[in-house]
Amino acid sequence: MTDNATDIAVVGFAHAPHVPETFGTTNGVEMLVPCFQQLYSDLGITKSDIDFWCSGSSDYLAGRAFSFISAVDAIGAVPPINESHVEMDAAWALYEAFVKLKSGQARTALVYGFGKSSAGTLRQVLTLQLDPYLVAPLWPDALSIAGLQARAGLDAGRWTERDMAAVAAGDSGDVESLLATPYVADPLRAHDCAPITDGAAAIVLAVGDRARELCERPAWITGMAHRIDTPVLGARDLTVSPSTSAAAQALTGGDLSGFDLAELHAPFSHQQLILTEAIGLKPETKVNLSGGALAANPMFAAGLERIGFAAEAIMAGTANRALAHATSGPALQQNLVTVLEALA
């Protein structure tokens, strides 16, 4: 690999404990401070070494306007910082930081996301991101939307309830036991749905030689792309994800060989089936070794965590090439794909 100043790598990753409820404030400060301190310690840096900060969160989820401003308390007031924010999963904040570093405006960036899902009725809060004129007034909660998507796939013969249970069970789980459990939103059972999780995550990016100084084995980002499908649920086939396919195609050209692992942001079991097909993952690629969003789903940090866990495997030497995916919006409306590699 050349010493190109625009070669960008993940050099650090930290996340808060995945718990059903925390007792801190909705601005995430109490969850973020330990993440930042872990990164400073692991990398041997201070906040003065970070050129750019970018965060992802949701004022709807926090229940207050400009909640991300009060989250900056986790960074501190001195020295002054260069900061930005996206009102969605922090994977898109990482994309913004990636572009910032590519443009040469910074050499290091710290990206973070946070969400306190336990602060309100999450399934109803997510309704607020739907069409405010025709859909939101009906108040379909998140499970109802996902249930419609799952039912569409079942009726079309694209997957079965056994396929969905197999995703939740993993390699060693008991599919039969899962199928014997009751529905929570037909055809979804509890194991098909991501748990409500409070959490936060943070990633440090660095360019070129600076990345090599901070990390013995950086996870180099060799490509990022995101695409969007229509938010109108009735105007698209919910059983497929063309935006995911387009993003993956833009990065890989359709060649998915050589990926050791993939981290897919699938809050519902059937969505992992959709994403696996949309990306075109090979059977030999291990999927969601971290457990994925079905194990823990910290809102507005879960997508960033997929990139973090994929990068962590590369930095630890257990993988050489990985793919990470993040989603935002109802029924896989917006999708981001990242390719990370260990390069000489």
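The values are calculated or read from the model by the stated rules, or taken from the named source; none is laboratory data. A quick note: this is a predicted structure, and the numbers were derived from the prediction, not measured. Methodologically, a virtual Cβ is constructed for each residue, glycine included, from the backbone with ideal geometry; neighbour enumeration extends over all protein chains shown.
If you scan the range 183-206, which residues turn out to be in a strand (DSSP E or B), surrounded by fewer than 22 Cβ atoms within 10 Å (Cβ to Cβ) and touching a Ser or Thr at 6+ places or on another chain (Cβ under 8 Å)? Explain how you work it out, then say what you get.
Pass one, the range 183-206, residues in a strand (DSSP E or B): 183-185, 188-189, 193, 197-206.
Now drop any that are not surrounded by fewer than 22 Cβ atoms within 10 Å (Cβ to Cβ), which leaves 183-185, 189.
Listed by number, the residues that qualify are 185, 189.
All but one of (1) farther than 22 Å from residue 66 by Cβ; (2) modelled with pLDDT of 95 or more; (3) small (Gly, Ala, Ser) hold for residue 142; state the number of the condition that does not hold.
Of everything listed in (1) farther than 22 Å from residue 66 by Cβ; (2) modelled with pLDDT of 95 or more; (3) small (Gly, Ala, Ser), residue 142 misses just condition (2).
Residues in the range 135-142: is at least one without any contact (Cβ under 8 Å) to a residue 60 or more places away in the chain and of a type in the set (Phe, Trp, Tyr)? Steps first, answer last, please.
So the first thing to find is which residues in the range 135-142 are without any contact (Cβ under 8 Å) to a residue 60 or more places away in the chain, and the list is 136-141.
Next, only the ones that are of a type in the set (Phe, Trp, Tyr) stay: 139.
Yes, because at least one residue in the range 135-142 is without any contact (Cβ under 8 Å) to a residue 60 or more places away in the chain and of a type in the set (Phe, Trp, Tyr).
If I ask for residues that are at pLDDT below 85 and either outside any loop (DSSP other than H, G, I, E, B) or surrounded by fewer than 13 Cβ atoms within 10 Å (Cβ to Cβ) (or both), which ones from the range 2-23 would you list?
Step one: of the range 2-23, the residues at pLDDT below 85 are 2-6.
Of everything in the range 2-23, those that are at pLDDT below 85 and either outside any loop (DSSP other than H, G, I, E, B) or surrounded by fewer than 13 Cβ atoms within 10 Å (Cβ to Cβ) (or both) turn out to be 2, 3, 4, 6.
For the range 33-68: of the residues being loosely packed, with under 13 Cβ neighbours inside 10 Å and either within 22 Å of the chain's Cα centre (by Cα) or not polar (S, T, N, Q) (or both), which is nearest to residue 17 (Cα to Cα)? Full working, then the answer.
The initial filter retains those residues of the range 33-68 that are loosely packed, with under 13 Cβ neighbours inside 10 Å, namely 37, 41, 44, 46, 48, 65-66.
Narrowing further to those that are either within 22 Å of the chain's Cα centre (by Cα) or not polar (S, T, N, Q) (or both): 37, 44, 65-66.
Details: 37: 14, 44: 22, 65: 26, 66: 25 Å.
Ranking the candidates gives 37 first.
For the range 37-61, name all the residues that are touching a helix residue (DSSP H, G or I) at 6+ places or on another chain (Cβ under 7 Å) and either within 28 Å of residue 125 (Cα to Cα) or not assigned by TED's automatic domain parsing to the domain that holds residue 116 (or both).
Across the range 37-61, the qualifying residues are 54, 55, 56, 57, 59, 60, 61.
How many residues are aliphatic (A, V, I, L, M) and not in a strand (DSSP E or B) if we restrict to the range 311-344?
Here the count works out to 11.
Looking at (1) over 30 Å from residue 33 (Cα atoms); (2) surrounded by 14 or more Cβ atoms within 10 Å (Cβ to Cβ), which is the only condition residue 134 fails?
With respect to (1) over 30 Å from residue 33 (Cα atoms); (2) surrounded by 14 or more Cβ atoms within 10 Å (Cβ to Cβ), residue 134 is out only on (2).
Would you check which residues across the range 233-250 are touching a residue at least 12 places away in the same chain (Cβ under 8 Å), buried (at least 16 other Cβ atoms within 10 Å of the Cβ), out of contact with any Lys or Arg (no Cβ under 6 Å at 6 or more places or on another chain) and under 24 Å from residue 320 (Cα atoms) and list them?
244, 245, 248
Condition first: surrounded by fewer than 24 Cβ atoms within 10 Å (Cβ to Cβ) and under 27 Å from residue 263 (Cα atoms). Now tell me which residues in the range 74-91 satisfy that.
Across the range 74-91, the qualifying residues are 84, 85, 86, 87, 88.
Can you tell me which residue is surrounded by the most Cβ atoms within 10 Å (Cβ to Cβ) among those in the range 257-268 that are touching a residue at least 60 places away in the same chain (Cβ under 8 Å) and outside any strand (DSSP E or B)?
Step one: of the range 257-268, the residues touching a residue at least 60 places away in the same chain (Cβ under 8 Å) are 258-268.
Now restrict to residues that are outside any strand (DSSP E or B): 258-260, 264-267.
On the way: 258: 12, 259: 24, 260: 19, 264: 25, 265: 28, 266: 26, 267: 21.
Only one residue tops the list, namely 265.
When residue 71 is evaluated against the numbered criteria (1) crowded, with 17+ Cβ neighbours inside 10 Å; (2) modelled with pLDDT of 95 or more, which criterion, by number, is the only one it fails?
(2)
Restricting attention to the range 148-163, which residues are in contact with a helix residue (DSSP H, G or I) (Cβ under 9 Å, 6 or more places away or on another chain) and within 19 Å of residue 237 (Cβ to Cβ)? Before you say what the answer is, go through the steps one by one.
Let us first name the residues in the range 148-163 that are in contact with a helix residue (DSSP H, G or I) (Cβ under 9 Å, 6 or more places away or on another chain), namely 148-150, 153-154, 158-163.
If the condition is that a residue be in contact with a helix residue (DSSP H, G or I) (Cβ under 9 Å, 6 or more places away or on another chain) and within 19 Å of residue 237 (Cβ to Cβ), then 148, 149, 150, 153, 154, 158, 159, 160, 163 are the ones that fit.
Hey, among 146, 168, 152, which residue is among the small types (Gly, Ala, Ser), outside any loop (DSSP other than H, G, I, E, B) and more than 28 Å from residue 17 (Cβ to Cβ)? Spell out how you get there, then give the answer.
On the way: 146 fails: more than 28 Å from residue 17 (Cβ to Cβ); 168 fails: more than 28 Å from residue 17 (Cβ to Cβ).
After applying the criteria, what remains is 152.
Can you pull out every residue in the range 276-294 that is touching a strand residue (DSSP E or B) at 6+ places or on another chain (Cβ under 9 Å), part of a loop (DSSP other than H, G, I, E, B) and at negative phi?
Here is the first cut: in the range 276-294, the ones touching a strand residue (DSSP E or B) at 6+ places or on another chain (Cβ under 9 Å) are 276, 278-279, 281, 285-290, 292-294.
Next cut, part of a loop (DSSP other than H, G, I, E, B) only: 281, 285, 288-290, 292-294.
Result: 281, 285, 289, 290, 293, 294.
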